[in-house]
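What follows is a set of notes on a single structure, which appears directly below.
The values are calculated or read from the model by the stated rules, or taken from the named source; none is laboratory data. Because the structure is a prediction, the values reported are computed rather than measured. Cβ atoms come from the backbone with ideal geometry, glycine included; neighbour counts cover every protein chain shown.
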Amino acid sequence: MNRLRELWDGRATYGGWLTLPGTVSAEIVGRAGYDWVCIDTQHGLIGYDLMVPMLQALTAAGSATFVRVAWNEPATIMKTLDAGAEGVIVPMVNTVEQARAAVGACRYAPKGYRSWGPIRPRLLDPSYSVDSAQEVVCAVMCETVEAIGNLDRILEVPGIDAVFVGPNDLAVSMGIRGSSYAGENPEHRAAMERIGAACAARGITAGIMCGSPEVAQQWRGLGFRMLAIESDARLLARGAESDAHRCRELEAATSPR
């Protein structure tokens, strides 16, 4: 069984999120203790040629791997899986047709139309086959008003393993400003809660970007099991800003008056 499916079996999982290009940072996050790590090639500063060695670094670190692909485009999804990602997160899936396209690119016939050529997966597992490859995880993103309107029909598409909420894009689509990952705006939060409830009713994993461990616990309590905590860029920025601010505080406290 795919490791990601095993992790989701009855419990919440916590994920790291890579947006900065570099194998060392991937290795650091991969060894940090998350259940899985996602390489973000949509909004992250990472292209395919660097994504592959970052996947290798995560594999060496023992981490289960997702890639958020740049778009719902079959060749991109197939090449990402051929590079060894154990699952893909597909952005901006708004319709049943788009959901079917995402699933189809992840599955070999008769379940889909993925082309055979799994270079890294067969290096990692010589027994990798058409049958075992059907276990790769297909997560689609629900992050617009249109997607919410089509949610029930999207969730009926065979082969969708998870729905991942993009809080920021959802807020933009709803015309909401000033909300957060926690859903400070009641309308925004209600929309995200609806997605989680609809997934739970069908046995589909619900995921969301959280921004902090505290917000992750909020969404875990509402049934979300795929909890992305924070990006490497924000963790680095927050740590650097905190230390710089602390230096100024200490200097002010110890300088002669």
* With respect to Glu193, is the statement that it is in a helix (DSSP H, G or I) and within 28 Å of Leu7 (Cβ to Cβ) true? -> yes
* For the range 40-55, enumerate the residues that are of a type outside the set (A, V, I, L, M) and over 16 Å from Val29 (Cβ atoms). => Gln42, His43, Gly47, Tyr48, Asp49
* Of all residues in the range 56-84 being in contact with a strand residue (DSSP E or B) (Cβ under 6 Å, 6 or more places away or on another chain) and part of a helix (DSSP H, G or I), the one that is nearest to Ala101 (Cα to Cα) -> Ile77
* Considering each residue of the range 146-190, count those that are in contact with a Gly (Cβ under 8 Å, 6 or more places away or on another chain), assigned to a helix (DSSP H, G or I) and in contact (Cβ under 8 Å) with a residue 24 or more places away in the chain, and give that number. => 1
* For the range 65-116, which residues satisfy the criterion of being polar (S, T, N, Q), in contact with a Ser or Thr (Cβ under 9 Å, 6 or more places away or on another chain) and within 27 Å of Ser173 (Cβ to Cβ)? -> Thr76, Thr80, Asn94
* **the range 79-90 residues that are on the phi > 0 side of the Ramachandran plot, paired with ones that are outside any helix (DSSP H, G or I) (beta carbon under 9 Å, 6 or more apart)** => Gly84/Thr65; Gly84/Pro118
* To do: Identify, from the list Val140, Val93, the residue that is part of a loop (DSSP other than H, G, I, E, B) and within 22 Å of Trp8 (Cβ to Cβ).
  => Val93
* Structure fact -> For the range 6-50 the number of residues that are buried (at least 17 other Cβ atoms within 10 Å of the Cβ), part of a helix (DSSP H, G or I) and modelled with pLDDT under 95 is 1
* Asked: In this structure, is Gly15 of a type outside the set (Lys, Arg), under 25 Å from Asp169 (Cα atoms) and touching a Cys at 6+ places or on another chain (Cβ under 9 Å)?
  -> yes
* Name the residues in the range 77-121 that are polar (S, T, N, Q) and out of contact with any helix residue (DSSP H, G or I) (no Cβ under 8 Å at 6 or more places or on another chain), would you? -> Gln98
* To do: Please verify whether the range 153-161 includes one or more residues that are within 30 Å of Pro21 (Cα to Cα) and either touching a His at 6+ places or on another chain (Cβ under 8 Å) or at pLDDT 95 or above (or both).
  => yes
* Identify all residues within the range 24-45 that are more than 18 Å from Glu86 (Cα to Cα) and in contact (Cβ under 8 Å) with a residue 12 or more places away in the chain; write none if there are none. => Val24, Ser25, Ala32, His43, Gly44, Leu45
* Return yes or no: is Arg122 on the phi < 0 side of the Ramachandran plot, among the basic types (Lys, Arg), in contact (Cβ under 8 Å) with a residue 12 or more places away in the chain and part of a helix (DSSP H, G or I)? => no
* To do: Determine which member of the set Glu230, Glu146 is under 28 Å from Thr23 (Cβ atoms), modelled with pLDDT of 95 or more and out of contact with any Asp or Glu (no Cβ under 7 Å at 6 or more places or on another chain).
  => Glu230
* **Subset of the range 205-221 (residues that are surrounded by fewer than 17 Cβ atoms within 10 Å (Cβ to Cβ) and either in a loop (DSSP other than H, G, I, E, B) or not charged (D, E, K, R) (or both))** => Ser212, Pro213, Gln217, Gly221
